[in-house]
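Notes follow once the structure below has been shown.
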Amino acid sequence: MNWKTTAFIFPGQGSQAIGMGQSIAVAFPIARQTFDQANEILGLNFADLLFQGSPQELNDTYNTQPALFVTSIATLRALQERLPDASPSFTAGHSLGEYTALVASGAISFEVGLRLVRERARLMREAGAAHPGAMGVFLGIEVDLARQVCEDASNQTGEPLVIANDNCPGQIVISGGARAVEVAIEHSKQVGAKRSQRLALSVAAHSPLMASAAEQFNQLLQTAPFQTPAFAVYGNVTAEPLTTPHSIIEELSQQMLAPVRWRESIHHMIRDGAQTFVEIGNGEVLSGLVKRIDNAVTRVVVQSAETLEAFAE
């Protein structure tokens, strides 16, 4: 493995599933210790939540975000124990996954990262309760047309509606007022979308409806002990490397409201030399997006003891 051309990528909300991380925790004591450490930090039994909890409990934003974060770090630690030289040159995470990427790079400790993620989740859930919204996805139209559809729906309904994720060619996630999302879904079909639908989420992430959460969270960010990352972390907001504590805080202070520029982040990592993308954590969502962004690069999924061993061989 040429680590100089390798990128680690970390999933965000939507990749969670009951049972995630279980095979890693059984096979690698360091992974189980990571779950135990998280239990101590938050007073939450992650093993019960992840391995035998209910989907409804896991899908609560307040639990989903720390659960995905801890699972990815546990998997990363197991990988690095199995392959001690596993140090990429690039990393990025999708939305919540950006915090995992920052921990992976050494920009922030696991404990501080977990506390930030838990507070982020709490504030987003509260903002969602105070300002209910919705999210949807357009398939088969490009970002400029999707942006126009959002603007038209917002003007028609008087509700905010923006692009939340530019995931890959032909996949755009929108976020904002529930009525505006419904109007945009119908309009998108009229202008050529192959398929559009509402997502099963009540929190309008990466939209103006998260303003109250962002304002409170930004106060916490100002006191967080960020350090210079050991390797390049590509931000969701800028789609460029974050190289200093200041740039990280600037990025995260905007992240809750700004769109996730995932397509551009992948393009920029490839531009800078990335040739292999290793998705670490539950699911294969990001690998699928990378395939649609550039089918020429190598994609690897590490989400279980079996896939980890296959990668290590």
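The values are calculated or read from the model by the stated rules, or taken from the named source; none is laboratory data. This is a predicted model, so every value here is computed, not measured. Ideal geometry is used to build each Cβ from the backbone, glycine not excepted, and the neighbour counts take in all protein chains shown.
Going by the structure shown, is PHE46 in contact with a Phe, Trp or Tyr (Cβ under 7 Å, 6 or more places away or on another chain), at pLDDT below 95 and not charged (D, E, K, R)? Criteria met by PHE46. Count, please, the residues in the stretch 111-126 that happen to be in contact with a Phe, Trp or Tyr (Cβ under 9 Å, 6 or more places away or on another chain) and closer than 19 Å to PRO245 by Cβ. Qualifying residue count for the region: 7.
Residue-by-condition table, conditions (1) surrounded by fewer than 19 Cβ atoms within 10 Å (Cβ to Cβ); (2) modelled with pLDDT of 95 or more:
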| position | (1), (2) |
| --- | --- |
| GLU159 | no, yes |
| VAL162 | no, yes |
| ASP166 | no, yes |
| PRO169 | yes, yes |
| SER175 | no, yes |
| ALA184 | no, yes |
| LEU199 | yes, no |
| SER202 | yes, no |
| HIS206 | no, yes |
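Of the listed requirements (1) farther than 24 Å from GLU264 by Cα; (2) hydroxyl-bearing (Ser, Thr, Tyr); (3) modelled with pLDDT of 95 or more, THR61 misses just one: (3). Condition test on GLY97, is it of a type outside the set (Asp, Glu), out of contact with any Cys (no Cβ under 7 Å at 6 or more places or on another chain) and crowded, with 24+ Cβ neighbours inside 10 Å? Yes. Within the stretch 61-95, being touching a Pro at 6+ places or on another chain (Cβ under 8 Å) and in a loop (DSSP other than H, G, I, E, B) holds for one residue alone: HIS94.
Which members of the stretch 260-313 meet the condition of being among the polar types (S, T, N, Q), more than 12 Å from HIS94 (Cβ to Cβ) and assigned to a helix (DSSP H, G or I)? Break it down stepwise before answering.
Step one: filter the stretch 260-313 for residues among the polar types (S, T, N, Q), giving 265, 275-276, 282, 287, 295, 298, 303-304, 307.
If we keep only those that are more than 12 Å from HIS94 (Cβ to Cβ) as well, we get 275-276, 282, 295, 298, 303-304, 307.
Passing the criteria: only THR307.
Residues in the stretch 114-151 that are assigned to a helix (DSSP H, G or I) and in contact with a Gly (Cβ under 8 Å, 6 or more places away or on another chain): LEU145, CYS150.
Could you tell me which of the residues GLY158, GLY140 is more than 16 Å from VAL260 (Cβ to Cβ) and touching a residue at least 40 places away in the same chain (Cβ under 8 Å)? Before the answer, list the steps.
Details: GLY158 fails: touching a residue at least 40 places away in the same chain (Cβ under 8 Å).
That would be GLY140, the only listed residue that is more than 16 Å from VAL260 (Cβ to Cβ) and touching a residue at least 40 places away in the same chain (Cβ under 8 Å).
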